[in-house]
Amino acid sequence: MRIGTGYDSHRLVEGRKLILGGVEIPFEKGLQGHSDADVLCHAIIDSIIGALGLGDIGKHFPDTDAKWRDASSIALLSTTVEMMRREGFEVTWIDSVIFAESPKLQPFIQAMKERLSSAGIPQGIINIKAKTNEGMGFIGRGEGIAAQTVCLLKHNNNRSTN
Ligand code: MG
């Protein structure tokens with residue numbers, strides 16, 4: 001078994017789509033970033049890479065690489081799941097939290113789970129929570145959105161993992 005943790009935050013700006021968990025959410029602002037800036041996908045990716053002991057998301061998908069400009073983070077997650085399988089691991093469980101003062105995300109969580117399942121994270125092994133930050137800090141002021149994840153991976157055979 002391996003545990004991994006992931007955290008990501010991006011700034012909310014005008015003129016960008018808001019994409020969370022691969023789902024486009026109607027809102028007057030979106031997250032700024034090199035890719036689609038999907039903080040939930042990025043936190044999940046970082047938790048998986050962490051559990052694999054393979055560094056971090058920036059090492060595998062550098063924002064200096066034009067290849068990842070405006071990339072779909074669902075595609076980055078798919079690539080991460082493929083890497084995890086090559087290492088001989090499967091996801092046992094993911095728990096995640098999105099921190100956003102607005103918009104209300106509860107109505108979109110089922111759609112996020114469906115979208116994430118297309119990237120190799122089945123609906124039955126992920127929990128997604130959404131919270132506000134009670135008006136405090138950068139999230140509370142609506143300057144950005146963050147996400148936090150833990151994942152548990154299980155090695156699927158008896159081979160050495162190193
Ligand atoms: Mg990010």
Going through the range 25-38 one residue at a time, which ones are among the hydrophobic types (A, V, I, L, M, F, W, C) and either more than 9 Å from the ligand (Cβ to nearest atom) or touching a Ser or Thr at 6+ places or on another chain (Cβ under 6 Å) (or both)? 25, 27
Contact list, first residue from the range 116-135 and of a type in the set (Lys, Arg), second anywhere and buried (at least 20 other Cβ atoms within 10 Å of the Cβ), beta-carbon distance below 7 Å, six or more apart or interchain, is 129/96; 131/99
Please count how many residues of the range 19-42 are open to solvent by 10 Å² or more (accessible area, probe 1.4 Å), under 17 Å from residue 111 (Cβ atoms) and not in a strand (DSSP E or B). 4
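Filter the range 80-99 down to the residues that are within 13 Å of the chain's Cα centre (by Cα) and surrounded by fewer than 16 Cβ atoms within 10 Å (Cβ to Cβ) and list them by number.
Result: 95, single match.
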For residue 4, the lone unmet condition from (1) within 12 Å of the chain's Cα centre (by Cα); (2) in a strand (DSSP E or B) is (1)
Count of the range 7-18 residues which are assigned to a strand (DSSP E or B) and either near the ligand (Cβ under 10 Å from one of its atoms) or among the charged types (D, E, K, R) (or both): 5
For a quick check of your reading of the model, give me the residue pairs whose first member lies in the range 15-42 and is among the charged types (D, E, K, R), whose second is near the ligand (Cβ under 10 Å from one of its atoms) and in a strand (DSSP E or B), with beta-carbon atoms closer than 7 Å and at least 6 apart or on different chains. 16/31
If you take the residues of the range 100-132 that are within 20 Å of residue 78 (Cβ to Cβ) and small (Gly, Ala, Ser), which of them is least open to solvent (accessible area, probe 1.4 Å)? 119
Test: residue in the range 50-70 that is open to solvent by 50 Å² or more (accessible area, probe 1.4 Å), within 10 Å of the ligand (Cβ to nearest atom) and among the acidic types (Asp, Glu): yes
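The values are calculated or read from the model by the stated rules, or taken from the named source; none is laboratory data. In this text the structure is predicted, and so the values were computed from the model without any measurement. Backbone-built Cβ (ideal geometry, glycine too); neighbour counts: all protein chains shown. Just so you know, the surface numbers come from the protein's heavy atoms only, side chains and all, with ligands and any DNA or RNA stripped out. Shrake-Rupley method; radii C 1.70, N 1.55, O 1.52, S 1.80 Å.
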